[in-house]
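What follows is a short report on a single structure.
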Amino acid sequence: EPVIGLEVHAQLLTQTKCFCGCATSFGDPPNTHTCPVCLGLPGALPVLNQEAARMAAAAALALRCTVHKRSIFARKNYFYPDLPKGYQISQYELPLATGGCLEIETADGPRKAGITRIHMEEDAGKNLHGIGDLSVVDLNRASTPLIEIVGEPDLRSAAHASEYLKRLRDVLMFIGINDGNLEQGSFRCDANVSVRKKGELKLGTRTELKNINSFRFVGEAIEIEIKRQIQMLERGERIRQQTRGYNADKKETYLLRDKENEADYRYFPDPDL
């Protein structure tokens, strides 16, 4: 049987970024909404956007989470061209909220899907490819406020996953904190997919499907990844923990990279916040 858990990143509808006063407007010329803070220049200090914290708490309450009086920002260290500081400000050990749920309608009736945690973080910039022979980096999106909603592995089919995403998007749009735009990337989903024999309680090795920008493609990608994993196990092969993309034209998932573990990110509390 499939075991699916979704991680959803939702951009918060603030006027300004998470830790500075730069605008969050979409579609403007590259690198016009930047400052020393969101560019990660030496000596620049981040200050939390109060409205981002309010919106994040609103989402947590709407999803029946416990909002903690104290949460801590952490540095998530990794190297990528669109991450100017060399780390992302996120939350790790003490997130904003934990322990919620979302009710979804399935073919078998209503089902509760657990939510592990909701934490605040900043978005990265964006790599733009095919500018002649070049790839360039647009940092307008860097430090836009996000919440990450980490779901429990409670979903058992691609249909469950699609319904969960639609319902979650409806809730966030209804409370006015996210515009639900998958194409522009303001609501995006990573799906953790594994399979196991029916009746087993132990989870199988999971793969993470990354950056899929429509409900239909999320469902397709999960179905195809489930089949791929079952075929591998039936051939006696071992599933490796990987991050995979989805090619909608070829109807196949493909390797992006072997999956990092949390230790690889070297999380530690952000001393500036």
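For region 71-82, the condition of being over 21 Å from residue 36 (Cα atoms) and touching a Pro at 6+ places or on another chain (Cβ under 8 Å) holds for at least one residue. Screening residue 101 against (1) touching a residue at least 24 places away in the same chain (Cβ under 8 Å); (2) surrounded by 19 or more Cβ atoms within 10 Å (Cβ to Cβ); (3) not basic (Lys, Arg) leaves a single unmet condition, (2). Scanning region 63-76 turns up at least one residue that is under 23 Å from residue 212 (Cβ atoms), touching a Phe, Trp or Tyr at 6+ places or on another chain (Cβ under 6 Å) and surrounded by 17 or more Cβ atoms within 10 Å (Cβ to Cβ).
For region 77-89, filtered to residues that are open to solvent by less than 20 Å² (accessible area, probe 1.4 Å) and without any contact (Cβ under 8 Å) to a residue 60 or more places away in the chain, the residue that is farthest from residue 47 (Cα to Cα) is 83. Candidates are the residues of region 231-246 that are loosely packed, with under 13 Cβ neighbours inside 10 Å and not in a loop (DSSP other than H, G, I, E, B); the one that is farthest from the chain's Cα centre (by Cα) is 234. Looking only at residues in region 169-201 that are among the aliphatic types (A, V, I, L, M) and surrounded by fewer than 21 Cβ atoms within 10 Å (Cβ to Cβ), which one is nearest to residue 54 (Cα to Cα)? Per the stated criteria, the residue is 175. Of the residues making up region 247-273, those that are loosely packed, with under 14 Cβ neighbours inside 10 Å, in a loop (DSSP other than H, G, I, E, B) and among the acidic types (Asp, Glu) number 3. Against the conditions (1) touching a residue at least 60 places away in the same chain (Cβ under 8 Å); (2) within 30 Å of residue 219 (Cα to Cα); (3) surrounded by 16 or more Cβ atoms within 10 Å (Cβ to Cβ), residue 26 satisfies every one except (3).
One residue stands out among those in region 1-39 that are among the aliphatic types (A, V, I, L, M) and part of a loop (DSSP other than H, G, I, E, B): the one that is farthest from residue 227 (Cα to Cα), which is 37.
Could you tell me whether any residue of region 157-167 is modelled with pLDDT of 95 or more and at positive phi? The answer is no, given that none of the residues of region 157-167 is modelled with pLDDT of 95 or more and at positive phi. Please work out if residue 37 is buried (at least 16 other Cβ atoms within 10 Å of the Cβ) and hydrophobic (A, V, I, L, M, F, W, C). The answer is yes for residue 37.
Looking only at residues in region 40-61 that are open to solvent by less than 60 Å² (accessible area, probe 1.4 Å) and outside any loop (DSSP other than H, G, I, E, B), which one is farthest from residue 14 (Cα to Cα)? That would be 60. Does at least one position in region 105-113 carry a residue that is more than 30 Å from residue 163 (Cα to Cα) and either modelled with pLDDT under 95 or surrounded by 15 or more Cβ atoms within 10 Å (Cβ to Cβ) (or both)? Taking every residue of region 105-113 in turn, none turns out to be more than 30 Å from residue 163 (Cα to Cα) and either modelled with pLDDT under 95 or surrounded by 15 or more Cβ atoms within 10 Å (Cβ to Cβ) (or both). Taking each residue of region 241-261 that is on the phi > 0 side of the Ramachandran plot and looking for partners that are not in a strand (DSSP E or B) with beta-carbon atoms closer than 8 Å, six or more apart or interchain, yields 251/220; 251/224.
The values are calculated or read from the model by the stated rules, or taken from the named source; none is laboratory data. The structure displayed is predicted, hence computed values, not measured ones. With ideal geometry, Cβ positions are generated from the backbone for all residues, glycine too; neighbour counts draw on all protein chains shown. Heads up: the accessible areas ignore ligands, DNA and RNA and are worked out on the full protein's heavy atoms, side chains in. Shrake-Rupley method; radii C 1.70, N 1.55, O 1.52, S 1.80 Å.
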